[in-house]
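Undergrad: Handing you this structure, nothing more for now.
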Amino acid sequence: MNDVKLVVVAILFSISFAAGHREEFVPAVVKKGAGHRDTDSSEFSQPKPQQQPSTSSTHTSQRESQRQAELQTPEFLTPVHRKKYILRGDACTAPDLGKIEDTSSIDVTDFFTLTINGDAVTSEFEKALSHKLWLVFRMYGVLIGNKNLRRIAFTFTVLKSRDDYESEVEKLSPTLTSTQGVYSSKTVSAIVNYKNEQQALRTATHEAVHALNHAFIGATPNWLNEGLAEYFEMMTTTAQLPEVTPNFSWLDAEYRFRYTAHDFVILVNSEHIWHNGPRIETSILYANSWYWMFYLMSSNEGLNALAQLLKRESASPCSVMSAEQTLRFLSELLPYLESDFRAWEYGDLGDHRFHILHENEE
C-alpha cells in the first residue's frame, strides 16, 4: 500500500481589511507565448488555533460550551460527515461552516489541509501543488471577498498506472474512466492520472477549482465551473504573484483558438449539451468556456464583472442563475460584451500577470 502523505499547508496570505479599503487584482498582459516557469515553493507557518469557549461548572454551561465548540469546528477539516449535513460544508447545505468570522483585522489567515497519496507523489510535487493552490485560493479571496472563503480540505490520489487510475475512478463513476482527473463533491477528493509532473499539476489544480467552486459558490452553471477550472489550471508564478498562461490545449499551431468561438448567448444556453451531448460537442464547450473566461480575465472591466457574477451566483448557492438572468446581469456591467469580445479576438493572446492593489471603496 502506498504511504499517505499529509501536508498541512497554511494558506497564509495577508489580505488587507483596513477600514475603507479593498484588495483587487489588476491584470497586466505580458508578451505572447511566454513559456512555463518552474514553480517555487515558499514556507507557510501554521495557523493560530481557534479560541475555544470557556466551560462553567453548570450542566447548562457545559452543553452551551460544547455547542459553541462544534460550531467553531471547521467542517472541511472533520474526517467524517455530520448527521446534520449531507456534505462536508458545501455552500448550499452548510453555508456557515468553515468561514472566517473576524474580517476586521489587518491580516486574516485561512488554511487548507492537502492530503496526497499514490505512487506518483514526491516532495517536489507536493510543494509545487501546495504553492499553486495557495495562489488560486488567494485569487478567489479577491474575486468573491475574503469573508466568503472557508477552510477546506483537499484529498488527492495521484496514480501513474492507467489501470489503477481507471479502477479507482470506476468506483465513483464508470462513465468517467477515460478522463485524466475526477473530482467527487461528496468527499471533497480527486483522483489524478500522472503522466508527467506538469500535466498532473494542471489536472490536480483543475479538480481543486471544482472543490473551491463547490465550497465558496455552491451550484454553478457548467460554463462557469469548467471555465474557471480550465483557466486556473494554467496558473504559474512570477515573483510570488499569480500569472496565468493561455491554455494551449485549445490553441492551434499559430497560437490561435482552434475552434470558431461561440457567441456568449450560445455558451450560456448549452447546459443540455454538457449533460447529454456527444463528446466532441462537450469538448468544444470546454474550449469555449476557457476562451470566454480568458477574455473576461483580460481586462479590469471583465474581471470585475466576473467577480460580481460570482458573488451574485453565491448568493443563491443551491441553484444556478438561468441563462437569461446571466445575460441580463452581465449586459448591465458589460453592455458591449459580444462586440468587444470579437474585437479582442483579433489581438494576440498574452499571459495574464496579476498585481495586487489597494483602492478606496466607493
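Undergrad: Can you pull out the chymotrypsin sites (Phe, Trp or Tyr not before Pro) in the stretch 313-350 whose DSSP state is coil and whose Cβ has at most 15 other Cβ atoms within 10 Å? Don't skip to the answer; put the middle values down first.
TA: Numbers: sites: PHE329, TYR336, PHE341, TRP344, TYR346; in loops: TYR336, TYR346.
Sparse-neighbourhood loop chymotrypsin sites (Phe, Trp or Tyr not before Pro): TYR336, TYR346.
Undergrad: Also, I was wondering about something else. Is the stretch 255-362 best put as rounded, prolate or oblate by its Cα gyration tensor, with a ≥ b ≥ c the root eigenvalues, rounded for a/c under 1.5, and otherwise prolate when a/b is larger than b/c, oblate when not?
TA: oblate
Undergrad: Moving on to the next point. Suppose the chain between ASP340 and LEU241 were pulled fully straight at 0.36 nm per residue; how much longer would it get relative to their current alpha carbon spacing?
TA: Values: separation 99, 0.36 × 99 = 35.64 nm, distance 2.77 nm.
Separation in residues times 0.36 nm, less the Cα-Cα distance, equals 32.9 nm.
Undergrad: Still on this structure, please answer the following. Roughly what % of DSSP beta bridges within the stretch 148-263 run antiparallel, to the nearest 5? Mind dumping the intermediate values first?
TA: On the way: 9 of 14 bridges.
The answer is about 65 percent antiparallel.
Undergrad: Additional query: Pairs LYS127/LYS195; LYS171/LYS195; LYS127/LYS311; LYS127/LYS186: which exceed 23 Å Cα-Cα? Each step should come with its number before you reach the end.
TA: Values: LYS127/LYS195 18 Å; LYS171/LYS195 21 Å; LYS127/LYS311 31 Å; LYS127/LYS186 26 Å.
LYS127/LYS311; LYS127/LYS186, as the Cα separations exceed 23 Å there.
Undergrad: Would you mind ranking GLU301, GLU254, GLU243, GLU207 by Cβ crowding within 10 Å, fewest neighbours first?
TA: On the way: GLU301 14, GLU254 6, GLU243 20, GLU207 23.
Taking fewest neighbouring Cβ atoms as first place, the list is GLU254, GLU301, GLU243, GLU207.
Undergrad: Let me ask something else. Would you grab the residues whose amide H sits under 5 Å from the one on ASP263? Only those 5+ places off in sequence or on another chain, please, with H modelled 1.01 Å from N.
TA: none
Undergrad: For the residue pair THR122 and ASP164, what label-to-label distance in nm results when each label sits 7 Å from Cα along the Cα-to-beta-carbon direction?
TA: Here the modelled spin labels are 1.6 nm apart.
Undergrad: Another question, if that's okay. If you wrap a convex hull around the Cα atoms of the stretch 214-297, how much volume per residue is inside, in Å³?
TA: Working: hull volume 9.4 nm³, N = 84.
Enclosed volume per residue, from the Cα hull, is 111 Å³.
Read-outs throughout are calculated quantities, based only on the coordinates presented, and are distinct from any laboratory measurement. For clarity, every value in this text was computed on a predicted model and none was experimentally measured. Counting neighbours? That spans all protein chains shown, and the Cβs are built from the backbone with ideal geometry, glycine included.
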